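Accompanying notes for the structure given below.
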Amino acid sequence: FAILLLGYVFSPKKGISSKEERANLVLYKRPFSVIGYFSAVAVDTIIYFLRSTIRSPAAMALIIPLTGTYVSSFFEGDHIQYVEPIVFYMEFAVWWIGLGVLSSIGLGTGMHSGFLFTFPHVIEVTLAAQACGHVQFETFSNMWWVKTPDQFQCGDYPKEDLKFFDVALKALLPAVLWGCGTAVGEIPPYAISLAARNARIANSSFDQLQEEIAEESKSKNFIMRMKTSLEKWMIDFLKKNGFVGVLLMAAWPNAFFDLCGICCGHFGMPFWKFFSATLIGKGFMKVPMQVVVMVTVFSEAYLNIVLAMVEKITPVAWELKSKLLGALNKYKAKFVNKSLATQGPNILKRLWGGFLIVAIGFFVVSCIQEFAQQRAAEMAKKEKEESKKKR
């Protein structure tokens, strides 16, 4: 917070009109300018959020009790036994919904938290269920990088007739919360586009989209022309079908869904119509299908098929199938044997942890730079408008 406040106080007072100069507004070239512009965005956003929250009775009615409950968990007393479960589920919801928001709000550099956190969680649930022969193991504590002694441990429960949908349901809740978070992350482009339409000012996001489509349609690259045709079709489809159009676009892994928020805002679609379609499509249609696919792919039958294919396409001398099978069995053994689970992480775990740190760091840096560049562009645009008025 101290860095943000210092950055805000000493933030640049002028914008940058040149696209080439804004492209050089990156941390390793102009760290102080980037931090200054970003701090201004962050502080203004915090002030706007606080004002909006204070003015909303519904938000205050929700935030005050939750904040009071969370703060009370830091104090000893008889209330702890009632407060701790509430705080636990609050942290659980914030973690998975927050990861979903980060996945779709990254301004083109989104942290792909599905591949980094959600899908690995589903895979771990699937493998644990196969190793344990039941789904009674604890999984909810798998959040905020916390590892508890009982996490994914089989315990003393007897093996049972393991059903496919029991495994899928065990992994479903975190995934659905993550999917709902991705829907929340689609609100900013929609809100900006709608605000521009209601204020009857130029919608830079939609105008930029139209310019890109016009330029790419003339490209000699076949893939670029196909992409442009798909974007044009999506815009027309959304305009004609409204709620159903947004729902269908959100109900599958759609790399172009960012366009939906911009277009729906530009067309003046009501907020709850847009958000409910996005929420249902992403949180309750797309994600459950992804969970079913992940559980299917990592079930024992399919893994044996994959290992057999690996054996066919690799040299016999490599013995890759037996090595992969040995590593997989060793990993599954940790679910059954608690002493193995408490051992230090193997090389793959360390590499994965390092990859997570790099991926999150790249996302944070990209977001800071993107917000800084947007701030510089907005300030330059305001300066240009003010100079025209003076004339």
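Observations on the model:
- Debye, to nearest 20: dipole size of the stretch 105-177, +1 on Lys, Arg Cβ, -1 on Asp, Glu Cβ: 220
- Taking 1.306 mPa s as the viscosity and 10 °C as the temperature, the Stokes-Einstein diffusion coefficient of the stretch 349-391 based on its alpha-carbon Kirkwood radius rounds to 123 µm²/s.
- Above-threshold pairs, the threshold being 20 Å between Cα atoms, out of LYS239/LYS273; LYS14/LYS382; LYS14/LYS381; LYS232/LYS382; LYS147/LYS170; LYS240/LYS273: LYS232/LYS382
- For the stretch 1-123, a simple Cβ point-charge model (Lys and Arg +1, Asp and Glu -1, everything else neutral) yields a dipole of about 840 debye relative to the Cα centre.
- At 0.890 mPa s and 25 °C, Stokes D of the stretch 34-127 from Kirkwood alpha-carbon radius, µm² per second: 149
- Based on protein heavy atoms only, the stretch 230-305 ends up with 48 Å² per residue of surface accessible to a 1.4 Å probe.
- From largest to smallest, the equivalent ellipsoid semi-axes obtained for the stretch 110-176 from the alpha-carbon gyration tensor read 22, 14, 8 Å.
- Net length gained if the chain between ILE46 and LEU307 were fully extended (0.36 nm per residue, minus Cα distance): 88.8 nm
- Inter-label distance for LEU324 and HIS79, nm, one decimal - labels placed 7 Å from Cα along Cα-to-Cβ: 5.4
- Contour excess over end-to-end distance, with Cα ends at ILE64 and GLU300 and 0.36 nm allotted per residue: 80.2 nm
The values are calculated or read from the model by the stated rules, or taken from the named source; none is laboratory data. All values derive from a computational prediction rather than experimental measurement. Every residue, glycine among them, receives a Cβ derived from its backbone with ideal geometry; neighbour counts consider all protein chains shown. Quick note on the areas: whole protein, heavy atoms, side chains included, nothing else; ligands and nucleic acids left out. Shrake-Rupley method; radii C 1.70, N 1.55, O 1.52, S 1.80 Å.
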